[in-house]
Amino acid sequence: MRGNTGKIPGMQVEVMKYVAPKSRRVPDDTEVVQVVATLPGTTDRRILVGGHLDSLNLRVDPKTGIAPGANDDASGTILALEAARVLSTRKWRHTMVFVGFTGEEQGLLGATALAARAKAENWQIDAVLNNDTVGSSSNLNGQSDPHRVRVFSEEAETHASRELARFIEWVVRQNMSDFSVKLVLRRDRYGRGGDHTPFANAGFPAIRFIEVHEEYTRQHTPDDLPEHMDWEYLARVTRANVAALATLANAGPQPERVRLANDQSHHATLLWDAEPGVSYRVFWRDTASATWNGSKEAGEASRFTLENINKDDHFFAVGSEGGVPVPPGSP
């Protein structure tokens, strides 16, 4: 079933059907639906953002127990809805997709179905932003951090998800003075998972946003209630997502054949195959740093020299304006 919402002009909303197979948390093969809303851009390159609609109460029989799921994960669903409302007011270069996943608590079923569909239909996905449990800034242990959000990404440095996470941290730093991203260099929390994982497994750049101090004792219980939410915190996480989405949705084409000049020098020269009319930016970071330490506009160029920044102590990358930077040697 597809159509226009009537609430957000231009948004194409699909109720996507898939079959949840019989498993420990699914008593029988069951047809399930999830919401996939598309805001068409001028290209077919896609940026996905979403949260999951389903919830779970493990204190009783999950089939009958009340499971409000305010933080896990109405918070991520609300974020995606608000991002859709805000970003739909203008036209973007790339297509945005806003997803209300289902079957997350039963084993990432909806995300797995959509990732498989994206692969089968040859979607060009530049980024998947999964928001799961992003509505509280503190826990019952007395810890609080209302001005940061964690972003998890694939553990392999060569996976595109890691560069996406690093770029999102940089974008939020440029756009928000009261909020920042804490990069966590692993796929997800210990022994846990999320809807970004099936996309990463399919080869798409995918990351997870989650609050810094989650409260485990409320998760998957009837106590995951709206009164425990920090709405100002959720608003900050939403603004961070919107900043990232708006940047990525207007990105130029990625540079090709990024390489580092093979000379002994106090400076570092980067070269790449450029497209006419595209502006580029050069990034660098210390080898011990997970985040970009600096960047410079290179303009419509195909080489750029960073003076007094040596190759021995730093990593480098080149990106089109608004695009995820590409390290030397990347395909």
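The values are calculated or read from the model by the stated rules, or taken from the named source; none is laboratory data. These figures come from a predicted structure and were not determined experimentally. Ideal geometry is used to build each Cβ from the backbone, glycine not excepted, and the neighbour counts take in all protein chains shown.
Out of all the residues in the stretch 81-121, which are within 15 Å of Ala200 (Cα to Cα) and among the polar types (S, T, N, Q)?
Selection gives Thr112 alone.
What about Thr89, is it part of a helix (DSSP H, G or I), free of Cβ contacts under 8 Å to residues at least 60 places away in the same chain and in the same structural domain as Ala240 (by TED's automatic domain parsing)?
no
What about Leu129, is it in a strand (DSSP E or B) and touching a Gly at 6+ places or on another chain (Cβ under 9 Å)?
yes
Taking the stretch 49-68 as the search range and keeping residues that are over 30 Å from Arg85 (Cα atoms) and free of Cβ contacts under 8 Å to residues at least 60 places away in the same chain, which one is nearest to the chain's Cα centre (by Cα)?
The residue in question is Pro62.
Filter the stretch 279-299 down to the residues that are aliphatic (A, V, I, L, M) and surrounded by fewer than 18 Cβ atoms within 10 Å (Cβ to Cβ), then identify the one that is nearest to Gly319 (Cα to Cα).
Residue satisfying both the conditions and the ranking: Ala290.
Would you mind finding the one in Asp54, Asp61 that is in contact with a strand residue (DSSP E or B) (Cβ under 9 Å, 6 or more places away or on another chain), in a loop (DSSP other than H, G, I, E, B) and charged (D, E, K, R)?
Sole residue among the options that is in contact with a strand residue (DSSP E or B) (Cβ under 9 Å, 6 or more places away or on another chain), in a loop (DSSP other than H, G, I, E, B) and charged (D, E, K, R): Asp54.
Return yes or no: is Val181 at pLDDT 95 or above, buried (at least 22 other Cβ atoms within 10 Å of the Cβ) and in a helix (DSSP H, G or I)?
no
So, in the stretch 51-66, how many residues would count as being aliphatic (A, V, I, L, M) and buried (at least 19 other Cβ atoms within 10 Å of the Cβ)?
1
What number goes with the only condition from (1) within 27 Å of Met96 (Cα to Cα); (2) charged (D, E, K, R); (3) at pLDDT below 95 that Asp263 does not pass?
All conditions pass for Asp263, except number (1).
Out of the residues in the stretch 148-187 meeting the condition of being closer than 18 Å to Phe315 by Cα and among the hydroxyl-bearing types (Ser, Thr, Tyr), tell me which one is nearest to the chain's Cα centre (by Cα).
Ser161
Scan the stretch 182-204 and give yes if some residue there is over 30 Å from Ala120 (Cβ atoms), without any contact (Cβ under 8 Å) to a residue 24 or more places away in the chain and in the same structural domain as Ala243 (by TED's automatic domain parsing), otherwise no.
Checking the stretch 182-204: at least one residue is over 30 Å from Ala120 (Cβ atoms), without any contact (Cβ under 8 Å) to a residue 24 or more places away in the chain and in the same structural domain as Ala243 (by TED's automatic domain parsing).
Pairs please, first residue from the stretch 158-179 and more than 15 Å from Gly323 (Cα to Cα), second anywhere and of a type in the set (Lys, Arg) and assigned to a helix (DSSP H, G or I), Cβ atoms under 9 Å, 6+ apart in sequence or on different chains.
Between residues of the stretch 158-179 that are more than 15 Å from Gly323 (Cα to Cα) and residues that are of a type in the set (Lys, Arg) and assigned to a helix (DSSP H, G or I), the close pairs are Asn175/Arg239; Met176/Arg236; Met176/Arg239; Asp178/Arg236; Phe179/Arg236; Phe179/Arg239.
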